[in-house]
1. Run through the DSSP bridge list for the stretch A:5-185 and note the antiparallel percent, rounded to the nearest 5.
2. How many angstrom lie between the C-alpha centres of the stretch A:111-127 and the stretch B:107-139?
3. Could you work out, residue by residue across A:71-84, how many beta carbons of other chains sit within 10 Å of that residue's beta carbon, and then give the average as an integer?
4. Only Cα pairs under 8 Å and at least 6 apart count here; give the relative contact order of chain A as a rounded whole percent.
5. Quick check: pseudo-label points 7 Å beyond the Cα along Cα→Cβ at B:Arg17 and A:Asn118, how many nm apart are they?
6. Quick one: what do you get for the stretch B:61-189 if you divide its Cα Rg by 2.2 N^0.38 Å?
7. Measuring label to label, 7 Å along Cα→Cβ, what does A:Glu20 give against each other copy in nm, shortest first?
8. Please compute, for peptide B:28-36, the average count of beta-carbon atoms on other protein chains lying within 10 Å of each residue's beta-carbon.
Number of protein chains: 2
Amino acid sequence: MKKPIYVGLVHHPVVNRRGEPVISAITNLDIHDIARTCRTFGVNSFFVINPSETQLMLLNDIMAHWKKGAGGKSNPERKEAFSVVKGLESVEMAISSIEEETGMRPEIWTTSARDGENRLCWQDARRRIDESGEQPVLILFGTAGGLSEEVFSISDFIIEPIKGKNCYNHLSVRSAVAITLDRLLSRRI
Amino acid sequence: MKKPIYVGLVHHPVVNRRGEPVISAITNLDIHDIARTCRTFGVNSFFVINPSETQLMLLNDIMAHWKKGAGGKSNPERKEAFSVVKGLESVEMAISSIEEETGMRPEIWTTSARDGENRLCWQDARRRIDESGEQPVLILFGTAGGLSEEVFSISDFIIEPIKGKNCYNHLSVRSAVAITLDRLLSRRI
């Protein structure tokens, strides 16, 4: 696989349970779990996207503990996982960062727990990743009640929801990222 | 699929990073994330296994908030997820609980981030789940540094590790459960 893959965890623009626009707070364990998953599946960078300066300072404090402080000494695997994490203020900045790194504009893929029209099915998503071509892909996940319409509107594809055995569709974003990257990037089982 | 599937999150007997036996503490977000994943994939029960009475009291307090208290009112999907959670003192009690419920002794499947001999490969694991037959399966996951030898020794199968794109094998247990249940129980993608 040649395509560089990037993951973005979006704290804004997202909606709350009532569909209203909010800025959600950074959750410590999101960063740990998703960084470890991204490192496992060879993701180039994991962008933590939050427009709040103080939230990004919190992220930097957490990262410093694991990258430079006591955490990294006692747990070098966590230090390695955190090496893929970057805090940024907006989805646009994540796109620019990928353009600077690769010289190409990424395809934007969004994710949702909800069904809808024109969803990219898992087989096609996997096929697109496996195809030749070096255009990077940025996969965006929403926190809180999910990505807001303005993010879907700039995306090239919305991946179909993860379905289990029934109608329950309330995975944590940590679990959704794990399953998504396994489905798209793992060695075929 | 007819086989009843059970998941156990083991806090003892497990080992720490140095391979020494420990009892690990219950992590709030483990319960939330794994309950939601279990509910998504139709798991019959999710056993939180910890021999400490005070730890199981903590679990009951957390569950009460979501099943009977304010949490369940504001977030009914979380209440539904918690309906599959049961706190128990030992792996043996989980086996007995399944025997009482189904009238059959379960197959014990264990998981590990480490390679080794006689691992059950993912294809065979999936095939066994899909086969006819009603013998329940109990899938055990270790916290801390993983399950200890005495758990592996009573297991019928050890599933092979989840491998990503490289040698990094440090997924969180929350992510490992999500990927495992998706690989074994999801509708085929």
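1. Antiparallel bridges make up about 10 percent of those DSSP assigns within the stretch A:5-185.
2. 29
3. For peptide A:71-84, the averaged partner shielding equals 1.
4. Computed value for chain A: 31 percent relative contact order.
5. Result for the modelled spin labels: 4.8 nm.
6. 1.18
7. Copy-to-copy label distances at A:Glu20, shortest first: 5.1 nm.
8. The per-residue average across the peptide is 4.
Laboratory data are not the source of any read-out in this text; all were calculated from the coordinates shown. The structure presented is a predicted model; accordingly, all values stated were derived computationally and were not measured. All Cβ positions, even for glycine, are placed from backbone atoms using ideal geometry, and neighbour counts span all protein chains on display.
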